[in-house]
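Trainee: Following this message is one structure expressed as structure tokens.
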Amino acid sequence: MGRALGGTPVSHPVIEERPAAHGDALNLVRAAIAEAAGPGAAVQRVVDLLHDRFPPYDWVGIYWVDGSDLVLGPWTGPEATDHIRIPIGTGVCGAAAASGQTEIVADVEADPRYLACFASTKSEIVVPIFDGGAVIGEIDIDGSDPDAFDGTDARFLEEIAALLSP
């Protein structure tokens, strides 16, 4: 629930409808992975699907672990990021890779770890992808609204990450 100027609670239909939309999207992701020509095509289809189905997901990308760095893989959004290689432990993405924990940043301007990608980004969620307990990549999503992501997004994207695991 949001609050109108007078302090009266107002509903936010996009957030309230997310759990049902997440369930539908999980089925689409499963189908996209099953029908894709290979792992690379599957990941690109998942990135595109997340971006297209969820308006708060302004920029969606996958970073893969390469040694001590994260390297940008498939992505979709209004423009490319300059952050194509991020040292593990640096920024929100690097922190998620180092800890193996999902990171939700409600206000990127208030988080000193944030590596500025786009002037329009106000919030971010980063979800690790695992293989046998080791982080092998992550889903990185930027939102143009503050507080665009919540626990339902985290749980949903953690399920997507599990589907992307080898």
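Trainee: How about region 78-94: which of its residues are of a type in the set (A, V, I, L, M, F, W, C) and either within 14 Å of the chain's Cα centre (by Cα) or modelled with pLDDT under 90 (or both)? Give the steps one after another, and end with the answer.
Mentor: So in region 78-94, the residues of a type in the set (A, V, I, L, M, F, W, C) come out as 80, 84, 86, 88, 92-93.
Residues satisfying the conditions are ALA80, VAL92, CYS93.
Trainee: So THR152 fits all but one of (1) part of a helix (DSSP H, G or I); (2) modelled with pLDDT of 95 or more; what number is the exception?
Mentor: Looking at each condition in turn, THR152 falls short on (2).
Trainee: Among the residues of region 44-83, what is the count of those that are outside any strand (DSSP E or B) and closer than 17 Å to GLY94 by Cα? Walk me through how you get there before you give the answer.
Mentor: Step one: of region 44-83, the residues outside any strand (DSSP E or B) are 44-58, 67-68, 77-83.
Remaining after also requiring closer than 17 Å to GLY94 by Cα: 67-68, 81-83.
Of the residues in region 44-83, 5 are outside any strand (DSSP E or B) and closer than 17 Å to GLY94 by Cα.
Trainee: Has region 98-106 got at least one residue that is of a type outside the set (Gly, Ala, Ser), surrounded by fewer than 21 Cβ atoms within 10 Å (Cβ to Cβ), part of a loop (DSSP other than H, G, I, E, B) and at pLDDT below 95?
Mentor: Looking through region 98-106, none of the residues is of a type outside the set (Gly, Ala, Ser), surrounded by fewer than 21 Cβ atoms within 10 Å (Cβ to Cβ), part of a loop (DSSP other than H, G, I, E, B) and at pLDDT below 95.
Trainee: Answer yes or no as to whether SER99 is in contact (Cβ under 8 Å) with a residue 60 or more places away in the chain, polar (S, T, N, Q), farther than 29 Å from GLU35 by Cα and in contact with a strand residue (DSSP E or B) (Cβ under 9 Å, 6 or more places away or on another chain).
Mentor: Values: in contact (Cβ under 8 Å) with a residue 60 or more places away in the chain: no; polar (S, T, N, Q): yes; farther than 29 Å from GLU35 by Cα: yes; in contact with a strand residue (DSSP E or B) (Cβ under 9 Å, 6 or more places away or on another chain): yes.
Spelling it out, it is not the case that SER99 is in contact (Cβ under 8 Å) with a residue 60 or more places away in the chain, polar (S, T, N, Q), farther than 29 Å from GLU35 by Cα and in contact with a strand residue (DSSP E or B) (Cβ under 9 Å, 6 or more places away or on another chain).
Trainee: Follow-up question, since we're still on this one. Would you pick out the residues in region 21-50 that are loosely packed, with under 12 Cβ neighbours inside 10 Å, modelled with pLDDT of 85 or more and touching a Lys or Arg at 6+ places or on another chain (Cβ under 9 Å)?
Mentor: GLU35
Trainee: State which residue is nearest to PHE130 (Cα to Cα) when the search covers only region 51-89 and only residues that are crowded, with 18+ Cβ neighbours inside 10 Å and among the hydroxyl-bearing types (Ser, Thr, Tyr).
Mentor: For region 51-89, the residue satisfying everything is TYR63.
The values are calculated or read from the model by the stated rules, or taken from the named source; none is laboratory data. Nothing here was measured: the structure is a model prediction, and the numbers come from that model. We place every Cβ from the backbone using ideal geometry, glycine too, and count neighbours over all the protein chains shown.
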